[in-house]
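Some notes on the structure that comes next.
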Amino acid sequence: MWLYMLGAGLASRDRTHLRADFVNVFVTDPALRHRLHAAAHMVSMVTVIAFMVWSYDLLAWGLDKRQATTALQIPLYLAQGSMFCASCLMFFYLLRDLVLPEEES
């Protein structure tokens, strides 16, 4: 779980995550293109904030209940912590992308 979630954070850092960007293909007006990219970033920001809240609540629940896996008795909060960590990383990289947009080629 940690490898998957940290991989998502690294992809956000390097701007190598998958995306379908049809705006650059269909919109030729730079001002409209900029507004659409800003709107997409805001939708992403709202989604990541919701994921941060949800994963924090899940982590807090795991710490409170102290549940563990059946066979190996691995605490569930170890896996739940990875989701909160990844959502925090994605939030900070989205903030970076809002302040320092990627160069258009």
Would you kindly identify the helices (runs of 4 or more DSSP H) lying entirely within region 1-97 that contain at least 1 residues that are surrounded by 16 or more Cβ atoms within 10 Å (Cβ to Cβ) and polar (S, T, N, Q)?
-> 2-14, 30-65
All positions within region 30-46 that are touching a helix residue (DSSP H, G or I) at 6+ places or on another chain (Cβ under 9 Å) and not aliphatic (A, V, I, L, M) | Arg33, His37, His41, Ser44
Is there a residue in region 43-66 that is at positive phi and either out of contact with any Ser or Thr (no Cβ under 8 Å at 6 or more places or on another chain) or hydrophobic (A, V, I, L, M, F, W, C) (or both)?
-> yes
Of all residues in region 65-105, how many are closer than 14 Å to Ser12 by Cβ and of a type in the set (Lys, Arg)?
-> 1
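Every number in this text was worked out from the coordinates using simple rules, so none of it is lab data. All of these numbers come straight from a predicted model, not from anything done at the bench. FYI the Cβ positions are ideal-geometry reconstructions off the backbone, even for glycines, and counts take in every protein chain you see.
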